[in-house]
Amino acid sequence: MSYGHAVHKELREPSRELRRAIPEVYDGYRQMHAAAYAAGALDEKTKELIALAIAVSKECDGCIASHARGAARTGATESEVAEALGVTIAMNGGPATVYGPRAFAAFREFAEETDAQQG
């Protein structure tokens, strides 16, 4: 199991338990998330790339895994992800050189999985 799947697996049960404890909060978050990621002036892929860059800046492993998967599912290319992560490194410095490669590895993992499902 690699990085992206490992993070998802680690968080799966604690997330379910918290969602059961505060369902109204999670429902509100789900609604906001759906509205924020809906295609508009920016397409969903661009929004996932932005989210992935922010996840790296925030050093959030769960967010990185989630948005790496989102970027793969919305058709981002390896080059697009690499460039988005390059901007993250430019804006965030050293920590992004640690979390950026994690994001790139997670994206590659999910992109490979997405390609296998589609082909």
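Across the range 79-96, computed HN-Hα scalar couplings (Karplus, 6.51 cos²θ - 1.76 cosθ + 1.60, θ = phi - 60°) run 5, 5, 5, 4, 5, 4, 5, x, 5, 4, 5, 4, 8, 10, x, x, x, 5 Hz from first to last residue, x flagging Gly and Pro. By the rule of a C-alpha distance below 17 Å, with chain neighbours fewer than 8 residues away ignored, the aspartates and glutamates paired with Lys9 are Glu17, Asp61, Glu109, Glu113. Bridgeable aspartates and glutamates around Lys45 (alpha carbons under 13 Å apart, same-chain partners fewer than 8 residues away excluded): Glu78, Glu80. Between 0 and 90 degrees, the angle of helix 61-73 with respect to the longest Cα principal axis of the chain falls at about 70 degrees. Partners of Lys58 within straight-line reach, counting lysines whose Cα lies under 17 Å from its Cα and excluding those fewer than 8 residues away in the same chain: Lys47.
Using a 10 angstrom cutoff on alpha carbons, build the Gaussian network for the chain and name the most mobile of Glu109, Glu17, Glu44. Ranking Glu109, Glu17, Glu44 by mean-square fluctuation puts Glu17 first.
Measure out, as a whole number of angstrom, how far apart the alpha-carbon centroids of the range 58-78 and the range 1-52 sit. Between the Cα centres of the range 58-78 and the range 1-52 lies a distance of 10 Å.
Projecting the Cα atoms of Gln31, Ala68, Leu42 onto the dipole axis of the chain, where Lys and Arg carry +1 and Asp and Glu carry -1 at the beta carbon, places Gln31 farthest toward the positive end. Over the chain, what is the mean sequence separation of C-alpha contacts under 8 Å (at least six apart), divided by residue count, expressed as relative contact order in percent? Answer for the chain is 32 percent. Sequentially through the range 4-13, phi angles give Karplus couplings (6.51, -1.76, 1.60; θ = phi - 60°) of x, 5, 4, 5, 4, 5, 4, 8, 3, 6 Hz, Gly and Pro residues having no value and appearing as x.
Test of understanding: what is the full-extension gain from Ile54 to Gln118, defined as 0.36 nm times their sequence separation minus their Cα-Cα distance?
Details: separation 64, 0.36 × 64 = 23.04 nm, distance 2.80 nm.
So the chain would gain 20.2 nm between Ile54 and Gln118.
Each 10 Å bin, from zero up to the one with the longest distance, holds this percent of the alpha carbon pairs of the chain: 14, 41, 35, 10, 0.
Read the figures in this text as sums done on the coordinates, not as results from a lab. From a predicted model like this one, the values you see are computed outputs, not experimental measurements. Virtual Cβ from ideal backbone geometry, glycine too; neighbours counted across all protein chains shown.
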